[in-house]
Amino acid sequence: MSPKATTERSQKLLRELPSVDRLLKLPVVIELVAEYGRTLTVEALRHTLETNRAAILNGASYVPMNAMLAEATREWLATLLSPTLHPVINATGVIIHTNLGRAPLSDAARKAVEAVGGSYSTLEYDLSQGERGSRSLHAEALLTRLTGAEAALVVNNNAAAVLLLLTALCQDKEVIISRGQLVEIGGGFRIPDVLAQSGARLVEVGTTNRTHLYDYEQAITENTAAIMVAHYSNYKVIGFTSEPSLAELSHLAHQHHLPLFYDQGSGALLDVTPYGLTPEPTVLDGLAAGCDLVAFSGDKLLGGPQAGIICGRGDLVTQLKRHPLARAVRADKLCLAGLAATLTHYLTNTATTAVPVWRMIARPAADIRSEADTWAARLQEQGIQAQVSDGRSTVGGGSLPGTSLPTWLVAIDHQSVSALAEQLRLHEPAIVARVQDNRLLIDPRTVLVHQAEPLLQAVIRAAAQQLAVG
C-alpha cells in the first residue's frame, strides 16, 4: 500500500472513532460514571481514545468496537484507583521485615486502631473537664510506668525523635559522638546528616573501632550541649574494639552538667537472651545507666505501630513538647491508639503471646518443625515436591544484626522456581518467600496463624498453573 493510501486509511479510521459524548451514552459507560464519577470517567475515555488514535497512526487496521473501548476504559479506571498498599503473607523468616511493613500489630492493637479510626475520639479532648486536652497523655502514662522515666513523648518515627531532641536541645551547639557510631540505616538515614539538619555541630571522637572515655572528656568545651550514643542496631563492630559504657558516659556527662542522649533504636523492652539471641540492651537498661533521654522505635522489637518514642527527664521532655518542630512530627490518633494497646501487653506480661513479633521470637523450634511437616505433607499430597529442612530465621528491621534463630523450612522444588515465586507475589493476598539454591523456601515462623491455609491453597494453585503452562 502506497504512503498516500496508508494515510487515507488512517484518516478514515480516525474519523470512525466515536466521540466522548457518544461513549458516555452507552449503558456500560453510564455505570462507570455512577461508580467512578463523571470527571474521572471522561478522563479515562479520552485516554482510551487517544491510545487508539496513536495505534491507528502507527498502522492499526481497525477501530475497536464500542464495547471494547468501554472495557479498556474500565480497566484504566480500575488500575488507576487500585491500592498500591496490599497485605502480604511474610513467609521469608525475617520477623521485622522493613520492606513488608515491619511489625504486624496484635489483635488488641488492630481493634484499638479500628475503633479510633472509625469514629471521633478523645485525641485532644478531656471528657471530665469538657475542654481541650493533650494528645501526649494517651501513651505517656503507660511509657513512664513501663520504663520508670519521668516523662515521655511520641512522634511519628525514631528519625524524627532524634531530630527533635537535637534541634530543641542542641541547636547551634556541639554534640559529642564516637566515630564508630556515625551510622547510616535504611532509607539513607545518617546520624551526621540529622545532626547537621538539627543545627547542632558534630564533634567526632575516637576511631571507628576504639573510643575511650578520655576522648569524650577532652572534647568537652563551653559550647558542648550534650553527649550522644547511637546503638549498633543494624551492624556490628568486632575484633579489636573498645568503648565506654553508658554508665561511664553518664557519669562523665553529669560531672560536666551535660545530658546524655541515647538513640537505642530497636525499642527492646524485654530480654532476648532466653530465646537464644545475642544480648540486646533494652530501653530500661539505658535509663538505668543514667541516660537523660532515650529514643527508640515503636515498630521494631516493641512490636507496635510506626512511632518514635522519647523517654527520660521531665524537664527535657517538656522542652521537646514545647518546640515548634514537635507539632510537625507528632503522632496521629491511629498510631497512639495502636501504641497504647501494644504497651498494655507489656504491662500485663502478655507480650510474648500477644505481640506477633515476640510470639515469633519465642516460638519453639519444635512447634515450627511440626507445622512444617504438616505443610509439606499437604503439598506432597498434591504432587508438589516439598521437603522439610532446617534453616535460620532472622529478627531483621535493623535489630540484632548477625544473629538468627533456628527454624524449619518447607523447601519446594519446581521446574521454574522464579516463576512460582512471582506468581505467589502477585497472588491476593501477596505471598513473599525466599528463593535459594533454586528452591522456594517457606518459613512458618513468620506466617500468622490465620494465614496458613490461604498460603497453602495459593501454593497448590500456583504450582498447578505453572505445571499447566509448562
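What follows draws every value from the coordinates through simple rules; no lab data is involved. Values in this document were obtained by computation on a predicted structure and should not be read as measured data. Heads up, the Cβs are rebuilt from the backbone with ideal geometry, glycines too, and the neighbour counts pull from every protein chain shown.
Remarks
- Stretching residue 380 away from residue 436 to a fully extended chain increases their span by 18.2 nm, per 0.36 nm per residue minus the current alpha-carbon distance.
- Label reach from residue 318 (point 7 Å along Cα→C-beta): in the stretch 138-165, amide nitrogens under 17 Å belong to 141, 149-153.
- Remark: the residue 422-residue 124 segment gains 102.7 nm on full extension, using 0.36 nm per residue and subtracting the alpha carbon distance.
- Computed about its Cα centre, the charge dipole of the chain is approximately 1280 debye, with only Lys, Arg, Asp and Glu carrying charge at their Cβ.
- Residue by residue, the stretch 426-439 carries 3J(HN,Hα) couplings of 8, 6, 10, x, 5, 10, 10, 10, 9, 10, 8, 6, 6, 9 Hz when phi is fed to the Karplus relation 6.51 cos²θ - 1.76 cosθ + 1.60 (θ = phi - 60°); x denotes Gly or Pro.
- The order of 345, 212, going from fewest to most other C-beta atoms within 10 Å of their C-beta, is 212, 345.
- Within the stretch 3-81: Cβ-based charge dipole about Cα centre, in debye rounded to nearest 20 (Lys, Arg +1; Asp, Glu -1): 360 debye
- Pairs of Cα atoms nearer than 8 Å and 6+ residues apart set the relative contact order; for the stretch 283-327 it is 28 percent.
- C-alpha center-to-center spacing [the stretch 49-72, the stretch 415-455] in angstrom: 39 Å
- Dipole of the stretch 317-458, positive direction: furthest Cα of 405, 384, 350, with charges on the beta-carbon: 350
- Additional length obtainable on full extension of the chain from residue 58 to residue 193, 0.36 nm per residue less Cα span: 43.5 nm
- Percentage relative contact order, the chain, counting C-alpha pairs under 8 Å, at least six apart: 19 percent
- Cα gyration tensor shape of the stretch 74-131, rounded if a/c is under 1.5, else prolate or oblate by comparing a/b with b/c: oblate
- Estimated purely from DSSP H runs of n ≥ 4, each contributing -39500 (n - 2.57), the mean residue ellipticity at 222 nm for the chain is -13500 deg cm²/dmol once divided by its residues.
- Per DSSP, loop chymotrypsin sites (Phe, Trp or Tyr not before Pro) in the stretch 1-92 with at most 10 further Cβ within 10 Å: 62
- Restricting the stretch 256-316 to chymotrypsin sites (Phe, Trp or Tyr not before Pro) that sit in a DSSP loop and have at most 14 other Cβ atoms within 10 Å of their own Cβ leaves nothing.
- Applying 1/(1 + (r/R0)^6) with R0 = 35 Å to the Cβ-Cβ distance of residue 218 and residue 347 gives a FRET efficiency near 0.20.
- Our note on the geometry: Cα centres of the stretch 272-314 and the stretch 341-404, 22 Å apart.
- Only Lys, Arg, Asp and Glu carry charge here, each on its Cβ (+1 for the first two, -1 for the last two); on that basis the stretch 58-217 has a dipole of about 260 debye about its Cα centre.
- Counted over all Cα-Cα pairs of the chain, pairs farther apart than 37 Å make up 46 percent.
- In sequence order, calculated HN-Hα J values of the stretch 83-92 (Karplus, 6.51, -1.76, 1.60; Hz; x Gly/Pro): x, 9, 9, 10, x, 10, 8, 8, 9, 7
- Between the amide H of residue 266 and those of 297, distances stay under 5 Å, these residues lying 5 or more places away or on another chain, with hydrogens modeled in the peptide plane.
- Sites excluded, trypsin sites (Lys or Arg not before Pro) in DSSP loops with at most 15 other C-beta within 10 Å, longest stretch of the chain: 237-470
- Relative contact order of the stretch 105-354, defined on C-alpha pairs under 8 angstrom at six or more residues apart (%): 27 percent
- If you count Lys pairs in the stretch 105-354 whose Cα atoms are under 25 Å apart, skipping same-chain pairs closer than 8 places in sequence, the total is 7.
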